[in-house]
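Chemist: Right, I'll just put the structure down here and ask away after.
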Amino acid sequence: MSADSTPGPGIPGTPGSSAPRGRARGRRRKPGGRRRTGLTIAAWTAAGVVVLGGTGAGYVYFKLNGNLDSIDINEALGTDRPTKADNGSENILVLGSDTRSGGNRELGGGTDDGSARSDTAMIVHVYRGHKKASVVSIPRDTLIDRPECTDTDGVTHDAASGVMFNSAYSTGGAACAVRTVESITDLRMDHYLEVDFAGFRELVDELGGVEVTTHKDIKDAESHLNLAAGTHQLTGEQALGLVRTRHGVGDGSDLGRIQLQQAFMKALVAQLKDVGVFTSPKKLYDLADTATKTVTTDSDLGSVNSLLSWANGLKGISPSHMTMITMPVQYDPADMNRVLLDEDKAQMVWTALKNDRPIPKAATTGTATGQAKSVVS
């Protein structure tokens, strides 16, 4: 959702505010994945190289490797970071960007001002043993204290107080987004994955669409979505509209949109079981080719070999062992179009993940929430 979008009255989500109300401490291409979003992209890529094999393996490797785009986050962030966990767990920051340039302009709407924003942000925590994971969605409209950061071009950006979370990415790209998340959570982000509008659409279309059932009509001119209540096989563009919409369903909030995104991820998990990508070499190659063209990773994952090794370590995670929550927040009493970090409850989340433990239910009890949880299944 563009930061240029305008939500309905009294709804968390209007972009652009920089009022000093924040609390928290402190390019590119994209998701197509299951509940773990970018993790599935890595699995497709790795499996594509293995299954296709044979005399064409060399060509496949170099073709897919040449598709990949990566960013050296570690060099930009330096050594002043949270300590890497020594318990076998892993944290991955997954971002969905809404640049208005290139093929994304028509999909995203708004103007091409040369900037991009982190429309969707998720912290994926993979537990020791890589058999289960927790996903924490970060509302883009959370007011935070953004730390000083240096982008991958070496440009340093000043700290800012009481700004929206997605300003970190628009200010300094991936490196500043990671710096900000680490400042809020005190968790080391081991990897970074990013996807944009066009990449998301292409991946869903490559899968043949995703089936969802809507329990209410959803109509939103801003996200180009018009779905009557019922079952639909969503195209890539429709799926993009669903995960971007706010005004067409629920209370129109960013929190409600996160609920729709999570519901879509669950539907995608079910879809992947039936597609047969691992029994069709051509289908697998097409997915791997599309995924590697549309995903941006940190430099540690910036080769097919690295993705192969990493994805092999994640293949034991099943959908039933995934937990998804929204970062604990409360509405800002000074502006109901914004949310503030619920520091006590959020600390329960960060402490649990740092100690590689399940997120306690108390962490999300009584926090702000959207009204779109049961709209899509």
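Chemist: Where only protein heavy atoms count, and the probe is 1.4 Å, what is the accessible area per residue for the range 159-210 in Å²? Spell out each step's value before the answer.
Modeler: Values: 1070 Å² over 52 residues.
The answer is 21 Å² per residue.
Chemist: Looking at the range 180-268 from every direction and averaging, what is the projected area of its Cα convex hull in nm²? Write down the numbers at each step before the final one.
Modeler: Numbers: hull surface 27.0 nm².
Mean orientational projected area (the range 180-268, Cα hull): 6.7 nm².
Chemist: Using r as the Cβ-Cβ distance of F62 and D86, and R0 as 30 Å, what FRET efficiency do you calculate, to the nearest 0.05? All intermediate terms of the calculation are to be shown ahead of the outcome.
Modeler: Details: r = 36 Å, r/R0 = 1.20.
For R0 = 30 Å, the calculated efficiency reads 0.25.
Chemist: Work through the residues other than A352 whose Cβ is under 12 Å from its Cβ and net out their charges, Lys, Arg +1 and Asp, Glu -1.
Modeler: Spelling it out: positives minus negatives among the neighbours equals +3.
Chemist: Let me ask another. For a label point 7 angstrom out from the Cα of E75 toward its Cβ, which stretches of the range 158-202 have the backbone nitrogen within less than 16 Å?
Modeler: Output list for this probe position: 174-176.
Chemist: Another question, if that's okay. Let me check against my output: what whole-number percent is the relative contact order of the range 162-256, with C-alpha pairs under 8 Å and at least 6 apart?
Modeler: Working: 101 pairs, mean separation 18.9, N = 95.
Once normalised by length, the contact order is 20 percent.
The values are calculated or read from the model by the stated rules, or taken from the named source; none is laboratory data. Source: prediction; values computed, not measured. Reconstructed Cβ throughout: ideal geometry from the backbone, glycine too, with neighbour counts over all protein chains shown. Note: accessible area is taken over every heavy atom of the protein model, side chains too, but ligands, DNA and RNA are not part of it. Shrake-Rupley method; radii C 1.70, N 1.55, O 1.52, S 1.80 Å.
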